[in-house]
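Report on the structure given below.
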Amino acid sequence: MDNRPIGFFDSGLGGLTVIPNLLENLPNERVIYFGDTARTPYGSKAVSTIKQYATQIADFLVSKDVKMLVIACNTISSTCLEDLRVRFPQIPILGIISPAARKVAAICTPENNIGIIATKVTTASGAYRERIRDFNPELRVFDKATPAFVPLIEEGIIENEIMDLTIHYYMDDFIRENSIDTLVLGCTHYPLIRKNIEKIYPGLNIINPSYEIIGRVRQILENDGTLAGEDNDRENIFYASDLSENFENMIQKILETEKSNLNLKFKNLEL
Ligand code: DGL
């Protein structure tokens, strides 16, 4: 048994979309979350910059004595996972792409046309294609960078005509030309626009990797004997590098709770 928290991080608020799944499935576990809201989005930045930022965040979370690190960001997972594992060999570090790829391979056949929507960096890394083909080389995978989604979501522009137009702009041709029937939300911000996508393309089978990563967290904790106990009286803590009103509104919405129930803290990593 191990009551220490699990560190989760993302470029911003997207990684928060995995937290409700954790709290529902592993209610004894506690979270230290870091959202780099001052420097988001990462998805169009140079890989060297993303590595520098991700290392700073991981250093900070490890200094808080986390028992595991979960990279709740596809962009960081696709570029920094191995470096972070080398830097912190003492704790398990989990990326979001392999668990999602495993799920895709489990439910799809070569008859399916699998679409991955993600940031520019995740798409350019080819990580989804590679991981999915590791599981089944015969699967047909198409990817599409959709970089304007993250800034709009961080601004809370979601249930809105501008978001719907942006989805049409990026995805109409991609879905039609490739006859996509299965769509992976390859960025942890995208579950926040899942309803928009479902409304516009009603027949799609949508895969949300947030569910898969929590399944993998459970497996690792069970295997290592490090599940938290029922006596765990620690708090969940949410850090942001820019604690704006917008972030506060969005976190309350995503976690479906009031600000008074949330332990929100500011942390500037550049100091
Ligand atoms: N949530 C991040 C991801 O999963 C967003 C990346 C960004 O900041 O552009 O890729």
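Would you please list the contacts, defined by Cβ atoms under 7 Å and residues six or more apart or on different chains, that run from a residue in region 1-21 that is among the basic types (K, R) to a residue that is part of a loop (DSSP other than H, G, I, E, B) and more than 16 Å from the ligand (Cβ to nearest atom)?
The qualifying pairs are R4/D65; R4/V66; R4/K67.
Between N25, N21, N112, which is within 23 Å of A145 (Cβ to Cβ), surrounded by fewer than 21 Cβ atoms within 10 Å (Cβ to Cβ) and away from the ligand (no atom under 13 Å from the Cβ)? Working first, answer last.
Numbers: N25 fails: within 23 Å of A145 (Cβ to Cβ); N21 fails: within 23 Å of A145 (Cβ to Cβ).
Exactly one residue qualifies, and that residue is N112.
Say whether the condition of being outside any loop (DSSP other than H, G, I, E, B), surrounded by 13 or more Cβ atoms within 10 Å (Cβ to Cβ) and away from the ligand (no atom under 16 Å from the Cβ) is met by at least one residue in region 143-159.
Scanning region 143-159 turns up no residue that is outside any loop (DSSP other than H, G, I, E, B), surrounded by 13 or more Cβ atoms within 10 Å (Cβ to Cβ) and away from the ligand (no atom under 16 Å from the Cβ).
What pairs come up if the first residue lies in region 45-68 and is of a type in the set (S, T, N, Q), the second is open to solvent by less than 40 Å² (accessible area, probe 1.4 Å), and their beta carbons are under 9 Å apart, counting only those six or more places apart or on different chains?
These pairs meet every condition: T49/R39; T49/Y42; T55/C80; T55/L84; Q56/D36; Q56/L269.
Looking only at region 32-87, count every residue that is open to solvent by 10 Å² or more (accessible area, probe 1.4 Å), within 12 Å of the ligand (Cβ to nearest atom) and touching a Pro at 6+ places or on another chain (Cβ under 9 Å) and tell me the total.
3
Check region 124-137 and report whether any residue there is within 16 Å of the ligand (Cβ to nearest atom), touching a residue at least 24 places away in the same chain (Cβ under 8 Å), polar (S, T, N, Q) and closer than 19 Å to G15 by Cα. Outline the logic, then answer.
Restricting attention to region 124-137, the residues satisfying the condition of being within 16 Å of the ligand (Cβ to nearest atom) are 124-129, 131.
Restricting the remaining residues to those that are touching a residue at least 24 places away in the same chain (Cβ under 8 Å) gives 125, 127-128, 131.
With polar (S, T, N, Q) added as a condition, the list becomes 125.
So of that shortlist, the ones also closer than 19 Å to G15 by Cα come out as none.
No: region 124-137 contains no residue that is within 16 Å of the ligand (Cβ to nearest atom), touching a residue at least 24 places away in the same chain (Cβ under 8 Å), polar (S, T, N, Q) and closer than 19 Å to G15 by Cα.
Of all the residues that make up region 187-208, how many are more than 15 Å from the ligand (Cβ to nearest atom) and either of a type in the set (A, V, I, L, M, F, W, C) or at pLDDT below 95 (or both)?
Going residue by residue through region 187-208, those that are more than 15 Å from the ligand (Cβ to nearest atom) are 195-206.
Then drop every residue that is not either of a type in the set (A, V, I, L, M, F, W, C) or at pLDDT below 95 (or both), which leaves 197, 200, 203-204, 206.
Going through region 187-208 one residue at a time, the tally reaches 5.
For R4, all conditions in the list (1) of a type in the set (K, R); (2) more than 10 Å from the ligand (Cβ to nearest atom); (3) closer than 28 Å to L152 by Cα; (4) assigned to a loop (DSSP other than H, G, I, E, B) hold save one; what is the number of the exception?
(3)
The values are calculated or read from the model by the stated rules, or taken from the named source; none is laboratory data. If you're wondering where the values come from, they're calculated on a predicted model, not measured in any experiment. FYI the Cβ positions are ideal-geometry reconstructions off the backbone, even for glycines, and counts take in every protein chain you see. Just so you know, the surface numbers come from the protein's heavy atoms only, side chains and all, with ligands and any DNA or RNA stripped out. Shrake-Rupley method; radii C 1.70, N 1.55, O 1.52, S 1.80 Å.
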